[in-house]
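Derivation of every value follows stated rules applied to the coordinates shown; laboratory data play no part. Values in this document were obtained by computation on a predicted structure and should not be read as measured data. Reconstructed Cβ throughout: ideal geometry from the backbone, glycine too, with neighbour counts over all protein chains shown.
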Amino acid sequence: MDSNQFLEILLQRQSVRGYSDKAVEPEKLARCLEAARMAPSACNAQPWKFVVVEDSQLKDRVAGYTTSGPLVPMNHFTRQAPLLVVIVRESPNLTSKLGTMLKDKPYTLMDIGIVALQFCLQATAEGLGSCILGWFNEKKVKELLHIPRNKRAELIITLGYPSSQSLRPKIRKKIDDICCYNQYK
């Protein structure tokens, strides 16, 4: 792959909020999980576990905890996605934990963000759509999936084939507004 191919994947990745009913092939899911597994993490702590929710009834129950109710139209598309992947934050190793305390930086949360992005980029390369969700009833999701009380369910990723192949325009700040050299300006 050349650098233009990678940039093309980045440009194609978007938060998909509409899914077809086509099932995700197990080998494509496996490659997404492998891409995530290979993500870097602070001190190689790998503080994550993935709960793949593929049972349709269980998936619908989890999806029900991602919505804000009938009056606020938020995350109702989650029921359409054939799969949900819950990313659980695991305990870091000792060096990562020490680094977090000494530097006052939540390395495990940064690691969760990186692993989620690698999963979603691979999904895009597979022709799949995804959306990373942080808005959900964590307590109910944890109870439903038997996630231990001392763990955090940080993110849910919807995964499936998009119902539309059209790409939305990417609205981003100009590079000059987000980048400076040698000093903060």
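So the values come out like this:
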| quantity | calculated |
| --- | --- |
| Cubic angstrom per residue, convex hull over Cα atoms of the chain | 170 Å³ |
| For peptides 4-10, 17-23, sequence by mean Cβ density within 10 Å, most packed first | 17-23, 4-10 |
| Potential extension, M101-D176 segment - 0.36 nm per residue separation minus Cα distance | 23.6 nm |
| Cα coordinate range in the stretch 70-112, projected on the principal axes (Å, largest first) | 44, 23, 11 |
| Length gained when the stretch K22-N44 is fully extended (0.36 nm per residue, less Cα-Cα span) | 4.3 nm |
| Label-point separation, K139 to S166 (7 Å along Cα→Cβ), nm | 4.1 nm |
| Cα→Cβ-extended label distance, 7 Å offset, between L33 and D2, nm | 3.5 nm |
| Mean Kyte hydropathy of 1.0 or more with a Cα span along the axis of at least 18 Å, helices from DSSP in the chain | 107-125 |
| Hydrodynamic radius (Kirkwood) for the stretch 62-163, which is based on Cα pairs only, to one decimal in Å | 14.9 Å |
| Distant-in-sequence amide H partners of V53 (H built 1.01 Å from N, under 5 Å) | L84, V85, V86 |
